[in-house]
1. Assuming a ≥ b ≥ c are the square roots of the Cα gyration tensor eigenvalues, decide whether region 275-396 counts as rounded (a/c under 1.5), prolate (otherwise, with a/b larger than b/c) or oblate.
2. For the ranges 151-162, 539-550, what's the packing order if you count other beta-carbon atoms within 10 Å of each residue, average per peptide, and put the highest first?
3. For a quick check: with amide H placed at 1.01 Å from N, whose amide H comes under 5 Å from R205's, ignoring anything fewer than 5 positions away on the same chain?
4. When averaged across all projection directions, what area in nm² does the alpha-carbon convex hull of region 68-209 cover?
5. For region 476-572, what does the alpha-carbon gyration tensor say about shape, rounded, prolate or oblate, given a ≥ b ≥ c as the root eigenvalues, a/c under 1.5 as rounded, and a/b over b/c as prolate?
6. How long is region 346-478 along each principal axis, judged by its Cα atoms, biggest number first, in Å?
7. E468 to A106: extension gain in nm, 0.36 nm per residue of separation minus the Cα-Cα distance?
8. For the ranges 26-36, 5-15, 274-284, 491-501, what's the packing order if you count other beta-carbon atoms within 10 Å of each residue, average per peptide, and put the highest first?
Amino acid sequence: MRILFLTHSFNSLTQRLFVELRKRGHEVSIEFDINDAVAEEAVDLFQPELIVAPFLKRAIPESIWKKHLCIIVHPGISGDRGPSSVDWAIMRNESQWGVTCLQADAEMDAGDIWSSVEFPMRKASKSSLYRNEITEAALKGVLETIAKVESGSAQPQPLDYSDQNVKGQWHDLMTQQDRAIDWSADSTEQVLTKIRAADSMPGLRDRIGDREFFLYNGFEEGQLTGEPGQLLATRDGAVCRATVDGAVWITHLRLTERKELEPNFKLPAAMLLADHCVDLPDLPLKPQEQPNYKTWQEIRYREQGQVGYLYFDFCNGAMDSGQCLRLRDAVRDAKKRDIRVLVLMGGSEFWSNGIHLNQIEAAESPADESWRNINAMDDLCLEIINSPDQWVVAAMQGNAGAGGVFFALTADQVVARDTVVLNPHYKSMGNLFGSEYWTYLLPRRVGEEHTNTLTQNRLPIGAEEGVEIGLLDSLIAADRTDFSDQVKDLAQSLLAGVKLDQRLQEKLERLQKDEQIKPLQQYRDEELEQMKLNFYGFDPSYHVARYHFVEKLPKARTPAYLAKHRCINKAS
Ligand code: COA
Ligand code: THG
């Protein structure tokens with residue numbers, strides 16, 4: 001079918017539906033919901049057989065839904081309606097939630113129901129639920145809806161609140177008043193629930209000292225305590241804050257109002273609270289430390305027999321200079337252990353999204369911080385490439401973008417969860433050339449032709465396509481809970497396998513041969529030569545694109561590489 005996506009942004013859910021529907025042979029084009037006229041023009045140009053709204057905040061105008069079947073992907077159980085569905089479900093501690101595909105019409109979310117898919121809720125942030133359970137349920141519901149539409153016989157069910165299966169209801173937009181934490185009364189669990197329901201949009205507004213912030217990314221702390229609301233410690237950029245029955249780590253903040261020259265985007269909490277943190281103890285945790293109480297540990301190293309597992313849960317997959325170098329040191333230490341297989345487990349939410357654009361934007365000199373960050377990232381990549389004594393596996397549970405994808409290719413074997421979406425390109429960030437040894441790592445896996453299409457098309461690809469073209473080695477069909485079990489089985493089979501010595505020998509010989517043809521240093525120098533131009537040259541497009549990204553400026557139009565309907569007609 002010819003399907004038009006009408007969407008607020010090309011977010012992770014929209015990308016996953018895009019990848020999956022195209023894989024099934026549908027022709028999909030995308031239009032950002034900028035205003036009614038733009039949407040009407042897109043419909044006229046593309047003449048879609050179906051319109052799908054994966055992530056829409058504005059009403060689709062009657063001029064469209066009267067003439068075209070429009071499916072709203074609503075992140076709620078049947079009968080649930082309103083703009084803050086997931087927020088309320090988290091705040092109410094719902095045990096079961098869902099995604100409903102309903103037909104757009106005059107009343108918001110009251111249209112006929114085409115499908116409704118439910119899932120058990122998980123104690124997680126709104127964006128984590130969105131990237132996982134909601135995306136999987138939405139995909140299932142959209143495929144079910146398309147099958148019904150294609151059948152020509154199935155009809156949607158009118159929303160009928162007298163039906164006992166319709167358990168949802170209307171909920172208003174959640175306000176900061178609804179979300180507010182009372183540090184003198186709320187338990188740790190209540191504080192975490194409130195932060196999760198607002199993470200990452202809009203963030204939970206709270207006062208710390210004399211400033212107001214939005215709070216993001218909370219974790220339970222099981223040992224430190226203090227006066228409720230009191231700041232207790234810092235760790236790797238996060239701050240620990242006491243509750244009535246324990247404490248929480250908060251890793252990121254955003255100023256609600258900014259003064260002259262202050263950043264108003266998400267940054268490490270300790271950075272924005274610098275004045276309050278000077279008297280706080282900094283309590284770093286080494287990756288190999290295994291506290292027997294709940295706490296926050298960004299980089300974790302665990303060992304089972306001769307297999308090492310390195311976890312790195314970087315918020316939003318963004319890796320600043322410090323994080324890259326701490327991870328490089330953790331890899332270096334792991335390589336000294338008596339292990340023969342090293343598994344890079346990435347994070348539970350993201351594998352990696354490359355260098356940290358927010359930290360760079362906030363730096364005194366964004367050009368210098370970009371340079372520091374990309375060199376730290378390259379040092380990490382080189383540390384992994386040069387691992388003669390271990391077989392390195394990259395186990396991608398979460399999505400990856402830009403340099404984060406090529407960082408994964410430094411491993412000898414790359415496996416990914418079948419739900420993963422990759423964006424193996426830098427071009428969305430101005431004319432950024434990219435580094436992470438991609439000019440060495442990508443062609444040797446996918447060849448010249450795929451290298452060009454992947455890096456020039458700027459489109460996301462699914463894990464399955466990644467394996468088909470050789471970007472990835474294999475898929476792991478798993479949900480979040482048993483992904484790591486399956487990775488451990490893989491690692492144990494590698495360890496037990498008779499071929500491990502041979503694999504290590506072959507990997508060493510291949511690297512030596514490649515270095516004779518062209519030293520890795522030369523790949524790095526050539527990439528960084530281009531990046532130096534991106535950072536310090538006359539073309540400001542990287543700095544402009546980064547500013548737009550970090551400040552979340554709305555797009556003025558849908559980029560041509562997404563709005564196919566605007567190219568076809570231009571060409572014809
Ligand atoms: N630096 C800082 N923050 C980043 C980031 C990066 N490199 N990549 C993603 N994020 C943040 C986003 O700002 C967003 O933050 P929020 O939760 O506060 O809104 C969050 O991570 C999720 O990103 P989002 O863009 O919503 O995810 P997506 O699945 O829709 O898109 C990408 C994934 C990778 C296409 C997109 O995040 C992206 O283009 N990131 C930048 C990649 C890049 O250019 N890296 C630098 C060059 S190596
Ligand atoms: N029919 C039509 N268009 C739609 C929907 C529909 N567009 C998307 C919409 N469903 C998604 N669901 C909602 C439900 C309620 C609200 C917005 C999207 C809503 N918005 C507040 C308002 O408009 O006043 C503002 C909320 C905010 O500030 O974020 O109530 O079913 N044709």
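Since every read-out is calculated from the coordinates, none of them should be taken as a lab result. Every value quoted in this text rests on a predicted model; they were computed, and no experiment measured them. Cβ placement follows ideal geometry from the backbone for every residue including glycine, while neighbour counts extend to all protein chains displayed.
1. Working: a/c = 2.04, a/b = 1.31, b/c = 1.55.
It is oblate, given that a/c is not under 1.5 and a/b is not larger than b/c.
2. Numbers: 151-162: 11.2, 539-550: 16.3.
So the order, starting with the most tightly packed, is 539-550, 151-162.
3. The list, which skips near neighbours in sequence, is L215.
4. Values: hull surface 38.8 nm².
Result: 9.7 nm².
5. On the way: a/c = 2.47, a/b = 1.51, b/c = 1.64.
Because a/c hits 1.5 or more and a/b fails to exceed b/c, region 476-572 counts as oblate.
6. So the three principal-axis extents are 44, 36, 29 Å.
7. Working: separation 362, 0.36 × 362 = 130.32 nm, distance 4.37 nm.
The span from E468 to A106 would gain 125.9 nm if fully extended.
8. Numbers: 26-36: 19.2, 5-15: 22.0, 274-284: 12.0, 491-501: 13.6.
Descending packing order for the listed peptides: 5-15, 26-36, 491-501, 274-284.
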